[in-house]
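Asks: One structure, as structure tokens, below. Some questions next.
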Amino acid sequence: MAKSSFLSLILSILYIARAAASASTTSSSAGAANFIKASCTATTYPALCVQSLSLYATSINQSPRQLIQTALAVSLDKAQSTKTFVYKLTRFNGVQPREKAAIKDCFEEIDDTVDRLAKSVKELKSMGSSKGKDFQWHISNVQTWISAGLTDENTCVDGFAGKALNGRIKNSIKARFVHVERVTSNALALINKFGSKY
């Protein structure tokens, strides 16, 4: 129940950010878009970074803090969507036992990832205007949880190794997990950059 309301909160934030983005003027949008593009050069997947954050350019404006909060919210949203998809697969009949076990493991991994990303979103919000050691403590927590989430995602994909588990289910799960891994990796890179400047 709490996760559901938290997801609703995140989706509301993303909706408000997107609505604000559509109401902005062209000149401020251009500055925000340039800020996002420049910031995304620090990521492993810069094109995906720009694509996933450009929708929220106006709410991000040129704020590094808003940039990392939005990047993390996007990552959480993608992880939650993947969790829902994998949950539906756990209910699917007619799957080989080994494949069913791999799907169940993936569900546990993505569930852990969603939990860690949600904790990270809360941690960034509770950071407020912390400085010095308090700031570093909050950033360190976020970095640790996101890194653990990335490990969870890789563990799922590894569970489908081997030729015995080839097919549409494997490909669907892998594609979704790779996407979550990439947006999460980008969020972590932006957070690392933010943390190193303050």
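The values are calculated or read from the model by the stated rules, or taken from the named source; none is laboratory data. Predicted model only: the values in this text are computed from it and were never measured. Backbone-built Cβ (ideal geometry, glycine too); neighbour counts: all protein chains shown. With ligands, DNA and RNA removed, areas are computed over all heavy atoms of the protein, side chains included. Shrake-Rupley method; radii C 1.70, N 1.55, O 1.52, S 1.80 Å.
Asks: Arrange the peptides 104-114, 143-153, 87-97, 68-78 so that the one whose residues have, on average, the most other Cβ atoms within 10 Å appears first. Can you show the working numbers first?
Replies: On the way: 104-114: 21.2, 143-153: 19.1, 87-97: 10.8, 68-78: 24.3.
Answer by packing, highest mean first, reads 68-78, 104-114, 143-153, 87-97.
Asks: Please find the FRET efficiency linking GLU108 to GLN51, where r is the Cβ-Cβ separation and R0 is fixed at 35 Å, and quote it to the nearest 0.05. Write out the running numbers ahead of the final one.
Replies: Details: r = 29 Å, r/R0 = 0.84.
The calculated FRET efficiency here is 0.75.
Asks: With the calculation restricted to Cα positions, what are the radius of gyration and Dmax of the range 68-151 in angstrom?
Replies: Computed over the Cα atoms of the range 68-151, radius of gyration and Dmax are 15.9, 55 Å.
Asks: Just the Cα atoms of the range 112-156: what Rg and Dmax do they give in Å?
Replies: Cα radius of gyration and Dmax of the range 112-156 are 11.4, 37 Å respectively.
Asks: For GLY159, what residues show an amide H to amide H distance below 5 Å, using hydrogens built from the backbone and excluding near sequence neighbours?
Replies: Those qualifying (amide H under 5 Å, at least 5 residues apart or on another chain) number zero.
Asks: Here's another thing I want to ask about it. Please give every one of the lysines within straight-line cross-link reach of LYS193, meaning a C-alpha to C-alpha distance under 18 Å, and leave out same-chain neighbours fewer than 8 residues apart.
Replies: Within the straight-line limit of under 18 Å, LYS193 reaches these lysines: LYS37, LYS125, LYS131, LYS133.
Asks: Here is a follow-up. Got a sec? Charge dipole of the range 64-186, +1 on Cβ for Lys and Arg, -1 for Asp and Glu; which of ILE103, ILE169, SER75 is way out at the positive end?
Replies: Of the candidates, ILE169 comes out farthest on the positive side.
Asks: Quick check: with the 1.4 Å probe, what order do ARG65, ARG182, ARG168 take by accessible area, largest first? Display every interim value, and only then the final one.
Replies: Numbers: ARG65 70, ARG182 95, ARG168 205 Å².
Largest to smallest exposure gives the sequence ARG168, ARG182, ARG65.
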